[in-house]
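The values are calculated or read from the model by the stated rules, or taken from the named source; none is laboratory data. Bear in mind the structure is a predicted one, so any value in this text is a computation, not a measurement. Using ideal geometry, Cβ is built from the backbone for each residue, glycine included, and neighbour counts are taken over all protein chains shown. For the accessible areas, the whole protein counts, side chains as well, though only heavy atoms, and no ligand, DNA or RNA atoms are used. Shrake-Rupley method; radii C 1.70, N 1.55, O 1.52, S 1.80 Å.
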Amino acid sequence: MISMTCHNLDFGRRLLDFVAVGSSSNTSIERHSAKNYGKTIPNVSSKIYGARKMFYCRQNITRTRVFSTKTSEALLDGVGTAPVLDLNKKHRSPISLANLFEAVADDLQTLNQNLQSIVGAENPVLMSAAEQIFGAGGKRMRPALVFLVSRATAELVGLKDLTTKHRRLAEIIEMIHTASLIHDDVLDESDMRRGKETIHQLYGTRVAVLAGDFMFAQSSWHLANLENLEVIKLISQVIKDFASGEIKQASSLFDCDLELEEYLLKSYYKTASLIAASTKGAAIFSGVDRSVTEQMYEFGKNLGLSFQVVDDILDFTQSAEQLGKPAGSDLAKGNLTAPVIFALEKELKLREIIESEFCETGSLDEAIEFVKICGGIERAQELAKEKADLAIKNLQCLPQSTYRLALENMVMFNLDRID
């Protein structure tokens with residue numbers, strides 16, 4: 001087990017029908033039901049209070065969001081009202097990946113140039129495998145997060161530019177992520193990744209496993225050369241978490257008694273752990289206070305969990321062409337995700353179908369339909385938004401900047417995928 005006490009991995013369900021007031025990393029959160037709160041605040045679009053403008057966005061009277069354009073410097077001292085962004089897509093413009101990463105576009109270009117060179121050229125086959133996966137058009141979300149958090153936290157301490165350790169961390173994170181994808185494709189027997197053939201399809205399982213192992217080892221070597229024990233421990237734990245997540249998933253296939261907390265823990269191991277370590281590691285290299293590094297860890301954890309829940313929703317709502325794999329493929333393999341767990345609470349027939357391991361023709365399609373009509377998708381959407389809300393609040397320790405705005409937009413971009 002990982003040292004969960006260090007990071008307070010609270011995976012319990014939380015209601016979304018509240019408004020957070022007066023929140024910061026050092027203050028308590030006063031919660032009121034949205035129903036009662038809606039009675040006390042007039043329905044206005046904006047008000048001017050001195051030099052600060054407050055925006056009130058209302059959604060069917062059930063939720064009130066408040067966004068303040070005031071900088072968060074006061075929040076660092078535990079003073080002021082905490083801004084909470086409106087996560088409702090209809091109140092804002094669509095967010096594109098190009099706009100999202102514009103603030104760190106030069107950093108990402110440098111990373112792309114360095115990635116293949118740091119893998120090493122000792123083995124032509126491994127180099128060819130690396131070129132295949134690095135050139136497959138990934139979003140580079142994790143290194144982009146490293147760069148954005150690095151620059152956002154650097155502003156807190158007056159750091160003018162990124163250090164070489166910031167940049168190397170981003171490269172290491174992408175190498176670890178890529179290695180995990182290679183191994184995942186072997187375990188899942190996936191033929192396609194990002195619209196291209198997977199490594200084990202091109203070179204065979206033996207080469208794929210060795211390529212993944214080699215990239216893990218190479219990233220570990222570069223990690224050690226950063227000579228920061230806290231970051232070394234942090235990232236090393238991620239590699240351990242990957243294995244724990246795979247074991248947890250393999251041991252719970254077709255298990256209809258899987259609880260939501262177990263699903264979230266597995267999702268933390270497989271997805272959120274790396275993102276959380278990425279954002280915290282970036283803050284550590286900026287030299288900010290521990291309270292800020294812990295908030296960046298929580299931000300990465302909550303964003304990672306929200307991201308995984310959204311991915312699991314898309315497995316039911318997108319076509320095979322959009323997914324790059326057959327729709328419902330996780331369910332077909334017995335991997336029960338949030339939409340299924342919620343649907344199982346309402347439909348006993350779904351349990352029977354899953355426990356039969358889809359032995360009858362058409363049973364998988366029937367199970368997918370049950371997930372959709374029993375509210376599994378909608379409740380999973382609520383869970384994804386809940387984690388996104390928490391991620392936004394974790395960013396309140398940062399000063400207002402283009403980098404913080406990009407981090408907030410990344411949270412909302414993730415939710416846009418299911419709206």
#### Entry: Hits in segment 403-419 (condition: among the hydrophobic types (A, V, I, L, M, F, W, C), part of a helix (DSSP H, G or I) and over 13 Å from the mean Cα position of the chain (by Cα))
L405, A406
### Query
Looking at (1) more than 28 Å from K393 (Cα to Cα); (2) modelled with pLDDT of 80 or more; (3) more than 25 Å from the chain's Cα centre (by Cα), can you tell me which one V125 breaks?
(2)
### Query
Could you list, in sequence order, the residues of segment 182-199 that are buried (at least 19 other Cβ atoms within 10 Å of the Cβ), within 22 Å of the chain's Cα centre (by Cα) and in contact (Cβ under 8 Å) with a residue 24 or more places away in the chain?
I182, H183, R193
### helices (runs of 4 or more DSSP H) fully within segment 288-352 counting 3 or more residues that are open to solvent by less than 20 Å² (accessible area, probe 1.4 Å)
290-317, 338-344
#### Entry: Residues that are of a type in the set (S, T, N, Q) and either in contact (Cβ under 8 Å) with a residue 60 or more places away in the chain or open to solvent by less than 60 Å² (accessible area, probe 1.4 Å) (or both), drawn from segment 156-181
T163, T178, S180
### Task
State whether one or more residues within segment 394-402 are in a helix (DSSP H, G or I), among the small types (G, A, S) and under 25 Å from the mean Cα position of the chain (by Cα).
no
### Query
Out of segment 246-263, which residues are among the small types (G, A, S) and modelled with pLDDT of 95 or more?
S251, S252
### Message
Being over 26 Å from P326 (Cα atoms), of a type in the set (A, V, I, L, M), open to solvent by less than 80 Å² (accessible area, probe 1.4 Å) and in contact (Cβ under 8 Å) with a residue 12 or more places away in the chain narrows it down to one residue among L226, L210, L202; which is it?
### Response
L226
### Task
Being touching a residue at least 40 places away in the same chain (Cβ under 8 Å) and touching a Gly at 6+ places or on another chain (Cβ under 7 Å) is the filter here, so list the residues in segment 361-413 that pass it.
I368
### Summary
Within segment 233-269, restricting to residues that are surrounded by fewer than 21 Cβ atoms within 10 Å (Cβ to Cβ) and of a type in the set (K, R), the one that is nearest to I341 (Cα to Cα) is K248
